[in-house]
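The values are calculated or read from the model by the stated rules, or taken from the named source; none is laboratory data. In this text, all values refer to a predicted model and were calculated from it rather than measured experimentally. For neighbour counting, all protein chains shown are included, and Cβ atoms are generated from backbone atoms with ideal geometry for every residue, glycine included. Surface areas here come from the heavy atoms of the whole protein model, side chains and all, with no ligands, DNA or RNA. Shrake-Rupley method; radii C 1.70, N 1.55, O 1.52, S 1.80 Å.
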Amino acid sequence: GIVGEPARVRIVHKGGHQVRGEWVSSPVPHARRVAPRCEHYEPCGGCSWMHLDPGGQADARVTLIRQILTEEGVDATVVPVAGADLGVPAAGFRHVVKVGFGVSDTGRPKIGAWGRHSRNVVPIPNCLVAAPILRKTMMSLAHHTLALGIPPYDPQTRRGVLRAAVLRASRTTGEVLVTLV
């Protein structure tokens, strides 16, 4: 949802101290609401603000920073600085990607983002926000785990090897650091 936008929500979880809902629709959509550009937006948990235009994303970031500073008793002026991290002006701006390893419905290993509010692995081979070299690295990791027969870790059986990977691409050299968990 978007702060100030009336919404219809579906309750997806009720716990002892928490109720979680998912936005379904709004009778009066917020002026900053846009259709997410990614086909994996709903199941993937990687881009929580893709339903906001770039200005809305910048406003949301500033609001969160102001709220945190206020809670800590810090009186400060927060001004957004223009750059690739404000909004989503172009594809491929993210130079750090965290991915998980899992097992598909057919029993084959898979790699991708952790799902929204879950640990389900959502394959994202054409992720819009990951730098091209990171997309290529994800594909290479998937290929090599299959070719080498390296099984993903399964928390139910406590078997397997790979749990996750953190991929970091240098904006300067293009080199990629892969940390396997």
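What to note about this one:
- All positions within the stretch 88-140 that are touching a Cys at 6+ places or on another chain (Cβ under 7 Å), among the charged types (D, E, K, R) and closer than 25 Å to Thr157 by Cα: Arg116
- Per the listing Ala76, Ala35, the residue uniquely touching a helix residue (DSSP H, G or I) at 6+ places or on another chain (Cβ under 6 Å), exposed (fewer than 11 other Cβ atoms within 10 Å of the Cβ) and over 30 Å from Pro152 (Cβ atoms) is Ala76.
- Residue count, the stretch 150-181 (criterion: over 24 Å from Pro43 (Cβ atoms), touching a strand residue (DSSP E or B) at 6+ places or on another chain (Cβ under 9 Å) and in a loop (DSSP other than H, G, I, E, B)): 4
- Tally, over the stretch 110-139, of residues that are more than 12 Å from Ala165 (Cα to Cα) and open to solvent by less than 50 Å² (accessible area, probe 1.4 Å): 9
- Criterion applied to Gly92, Gly87 was being of a type outside the set (A, V, I, L, M, F, W, C), modelled with pLDDT under 90, surrounded by 15 or more Cβ atoms within 10 Å (Cβ to Cβ) and touching a strand residue (DSSP E or B) at 6+ places or on another chain (Cβ under 7 Å), and the one residue passing it is Gly92.
- Verdict on Glu42 being surrounded by fewer than 16 Cβ atoms within 10 Å (Cβ to Cβ), acidic (Asp, Glu) and within 21 Å of Gly92 (Cα to Cα): yes
- Extreme residue, least open to solvent (accessible area, probe 1.4 Å), among residues of the stretch 6-19 that are part of a loop (DSSP other than H, G, I, E, B) and more than 19 Å from Glu42 (Cα to Cα): Gly15
- If the condition is being assigned to a strand (DSSP E or B) and of a type in the set (Val, Ile, Thr), then the stretch 112-135 contributes Val121, Val122.
- Taken together, the residues in the stretch 150-177 that are open to solvent by less than 80 Å² (accessible area, probe 1.4 Å) and closer than 21 Å to Ala113 by Cα amount to 14.
- The one condition from (1) in a strand (DSSP E or B); (2) within 14 Å of the chain's Cα centre (by Cα); (3) modelled with pLDDT under 90 that Val97 does not meet is (3).
Here is a yes/no grid of residues against (1) in contact (Cβ under 8 Å) with a residue 60 or more places away in the chain; (2) more than 15 Å from Arg116 (Cβ to Cβ); (3) over 18 Å from the mean Cα position of the chain (by Cα):
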{"residue": "Glu5", "(1), (2), (3)": "no, yes, yes"}
{"residue": "Gly15", "(1), (2), (3)": "no, yes, yes"}
{"residue": "Val19", "(1), (2), (3)": "no, yes, yes"}
{"residue": "Arg32", "(1), (2), (3)": "no, yes, yes"}
{"residue": "Arg37", "(1), (2), (3)": "yes, yes, no"}
{"residue": "Pro54", "(1), (2), (3)": "no, yes, no"}
